[in-house]
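Colleague: This structure is in C-alpha cells; I'll ask about it shortly.
The values are calculated or read from the model by the stated rules, or taken from the named source; none is laboratory data. These numbers were taken from a predicted model, which means no experiment stands behind them. All Cβ positions, glycine included, derive from the backbone under ideal geometry; neighbour counts span all protein chains shown. Quick note on the areas: whole protein, heavy atoms, side chains included, nothing else; ligands and nucleic acids left out. Shrake-Rupley method; radii C 1.70, N 1.55, O 1.52, S 1.80 Å.
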Amino acid sequence: MTSRWRAAGPVTLKEVAAAAGVSVATASHALTGRGRMTDATRTRVQQTADELGYVANSLARGLRTGRAQAIGIHHQHAAAALAKPYFREFLAGAIETAHQHDLDVVVLSSDASQPRATTPRVDGIVVVDPIGDDRRARELMSMSVPVVAGEHVPPQLSRCAVVAANHEKAVRTLLDAAAARGARRPLLAAPDAHSGWGILLRDVVTRWCDERGVTPVLVETTFGERSVALHRELLRPVLAAHPDVDLVLGASSFVVRGAMEVLRAAGREPGRDVLVAACADEPALLSEDPPVSAIELPAHALGVACVQRLVALIEGEEDPSEAVGSVRTVPAPVHLRESTAGTPARDGV
C-alpha cells in the first residue's frame with residue numbers, strides 16, 4: 001500500500017496532478033468538486049489521490065476558499081456541561097453530523113467573566129441553550145458567520161436561526177393529561193427572562209390557561225440551578241399562598257423534587273391530590289415516589305439538526321436573511337407516569 005508519508009514528507013497536490021496527467025489547478029478543482037471537466041477526469045484524479053494517500057492541506061485550502069472547515073460549539077459553561085448527559089448527547093449528534101461534511105468541531109472557550117481575546121476561526125457557530133446574560137454568546141452571535149441557536153433565543157441576544165425541541169406540543173400534552181384527571185390550577189416554575197426556553201414555557205402555560213379561563217401561578221427560577229433545597233425554599237411560600245394549585249409543572253427535576261418535598265411537608269400527596277410533572281426528563285425522576293411524568297429533551301437529535309441547519313447556511317442552501325428568527329423543531333416525547341395519574345381534590349387541600 002502506498003503511504004502518503006515518504007522521506008520527503010506528505011504527498012502533495014502537485015504529485016497527484018502529475019500522476020493523473022492533469023494540471024495542478026485541474027487536480028484542485030477535481031478534488032474540491034469545482035471547475036468544469038469530464039466525469040472521467042474527475043474520477044481519475046480522485047482515484048489517483050486515493051492511491052497515493054493524498055490528504056488535502058486544510059490550511060492551504062482555507063487560504064484559497066476562505067473556509068476554516070470547522071464549526072464552533074458554544075455553551076455558557078461548556079466544561080461543567082460535559083458532566084451532564086444532555087450536553088454530551090447534543091455534542092455527539094453535532095460531531096457525527098459535522099464529520100459527515102468533513103468539518104471539524106471546536107468547543108469554544110466559555111469564560112463568561114471576560115470578553116474573547118480573539119475571533120474563533122470557524123465557518124459557523126452553534127450556541128447551545130443561549131442565555132441572555134452570557135457575554136460570550138452575545139459576542140459570538142454578533143459575528144458575521146452563520147449562527148444557529150440550539151433552543152429559543154432570549155431578547156437580550158441577537159436573533160438568528162433556531163432549532164429547538166417542540167416544547168409547545170409537549171407541554172400541552174402534559175397539561176391536557178393533567179386536565180383530564182381534573183387538574184385546573186397549574187403552577188409553573190421555569191427559568192427567568194434570560195432563558196428563551198423559560199419565556200416559551202410561561203407563554204405556553206399562560207395561553208393554555210387563558211383558553212380555559214383560569215390564571216396560572218408563575219414562578220421564576222435560574223436556568224441551570226441544580227439545588228433541590230434552593231427550589232424547595234423558593235416554592236414553600238408560593239404553594240402555601242396558593243393551596244388551590246393542583247398541578248405543579250417544574251422546568252427541571254430539581255424544581256420538581258423541591259416542590260414534592262414542600263407538598264409532603266404540607267400533608268399533600270404528590271401524584272394523588274396534586275399532580276406533578278417536569279419539562280425536562282432525568283433518570284432521577286424515575287426513582288421518585290411516584291415516578292414523575294416528564295418531557296424527554298431530544299439532545300442528540302437537536303445536535304444533529306443544529307449542525308444540518310448550520311451547514312445549509314454555510315453552503316448557501318438556506319437564505320440567511322430568511323433564516324433569522326425562524327424556528328425549526330424536533331419532536332420531544334412525553335412520558336406520562338404515576339405523578340399525573342391521580343385525581344386532585346377539588347378544594348385543593
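Colleague: In terms of solvent-accessible area of protein heavy atoms at a 1.4 angstrom probe, what is the ranking of Ile125, Ile314, Ile199, highest value first?
Modeller: Putting Ile125, Ile314, Ile199 in descending order of accessible area: Ile199, Ile314, Ile125.
Colleague: Tilt of helix 196-212 relative to the longest C-alpha principal axis of the chain, in degrees (0 to 90, nearest 10)?
Modeller: 40 degrees
Colleague: On the full set of protein chains, 1.4 Å probe, figure out the accessible area of Glu288 and give it in Å² to the nearest 10.
Modeller: Rounded to the nearest 10, that gives 40 Å².
Colleague: Here is a further query. Select from Leu157, Leu286, Leu174 the residue whose mean-square fluctuation is largest in a Gaussian network model of the chain (Cα-Cα springs shorter than 10 Å).
Modeller: Most flexible of the set in this elastic network: Leu286.
Colleague: I've got another one for you. What does the accessible area of Arg236 come to, in Å² to the nearest 10, when a probe of 1.4 Å is used?
Modeller: 100 Å²
Colleague: Using just the C-alpha positions of the stretch 101-236 as equal point scatterers, what log10 of I(q)/I(0) does the Debye formula give at each q in 0.13 1/Å?
Modeller: -0.68
Colleague: How would Met143, Met260 rank on accessible area, largest to smallest, probe 1.4 Å? Don't jump to the answer; show the numbers that get you there.
Modeller: Working: Met143 45, Met260 0 Å².
Largest accessible area first, the residues go Met143, Met260.
Colleague: What list of whole percents do you get for P(r) of the chain, with Cα-Cα distances grouped in 10 Å bins up to the one holding the largest distance?
Modeller: Cα pair-distance distribution for the chain, in percent: 5, 22, 25, 18, 13, 8, 6, 3, 0.
Colleague: Label-point separation (nm) for His242 and Glu96, each offset 7 Å from Cα along Cα-to-Cβ?
Modeller: According to this spin-label approximation, the distance is 3.9 nm.
Colleague: How large a share of the accessible area of the stretch 202-349, in percent, is made up of carbon and sulfur atoms when the probe is 1.4 Å and the other protein chains stay in place?
Modeller: That share works out to 52 percent.
Colleague: At 1.4 Å probe size, with every protein chain present, just tell me what the per residue accessible area of the chain comes to in Å². Each step should come with its number before you reach the end.
Modeller: Details: 16470 Å² over 349 residues.
Per residue, the chain has 47 Å² of solvent-accessible surface.
Colleague: Compute the relative contact order of the stretch 293-348 as a whole-number percentage, counting only Cα pairs closer than 8 Å that sit 6 or more residues apart in sequence.
Modeller: Once divided by the residue count of the stretch 293-348, the mean separation gives 62 percent.
Colleague: Quick one: plug the Kirkwood hydrodynamic radius of the stretch 223-298 (C-alpha pairs) into Stokes-Einstein at 4 °C, 1.567 mPa s, and report D in µm²/s.
Modeller: In µm²/s, the coefficient rounds to 106.
Colleague: Please identify, among Val106, Val219, Val24, the residue showing maximal mean-square fluctuation in a Gaussian network model of the chain using a 10 angstrom Cα cutoff.
Modeller: Val24
Colleague: Which order do you get for Trp197, Trp208 if you rank them by accessible area with a 1.4 Å probe, largest at the top?
Modeller: Values: Trp197 30, Trp208 10 Å².
Correct descending sequence by accessible area is Trp197, Trp208.
Colleague: Rounding to the nearest 10 and keeping the result within 0 to 90°, find how far the Cα-based axis of helix 299-314 lies from the longest principal axis of the chain.
Modeller: Tilt relative to the chain: about 40 degrees.
Colleague: At a Förster radius of 56 Å, what calculated FRET efficiency corresponds to the Cβ-Cβ distance of Thr12 and Ala265, to the nearest 0.05?
Modeller: Approximately 0.15, to the nearest 0.05.
Colleague: Any idea how far apart His335 and Arg272 come out in nm if each label point goes 7 Å out from Cα toward Cβ?
Modeller: With each label point 7 Å from Cα toward Cβ, the separation is 2.4 nm.
Colleague: May I pose another question? Remind me, relative contact order of the chain in percent, using alpha carbon pairs under 8 angstrom and six or more residues apart?
Modeller: 17 percent
Colleague: A further question on this structure: Quickly work out the Arg212-to-Thr343 label distance, labels modelled 7 Å from Cα along the C-beta direction, and quote it in nm with one decimal.
Modeller: Inter-label distance under the simple model: 1.7 nm.
Colleague: Give me the percent of the accessible area of the stretch 64-146 that comes from carbon and sulfur atoms, probe 1.4 Å, all protein chains in place.
Modeller: 50 percent
Colleague: Would you kindly find the accessible area of Ser227, with a 1.4 Å probe and non-protein molecules such as ligands, DNA and RNA excluded, rounding to the nearest 10 Å²?
Modeller: Rounded to the nearest 10, that gives 40 Å².
Colleague: Additional query: What share of the DSSP beta bridges in the chain is antiparallel, in percent to the nearest 5?
Modeller: Taking every DSSP beta bridge within the chain, about 10 percent pair in antiparallel fashion.
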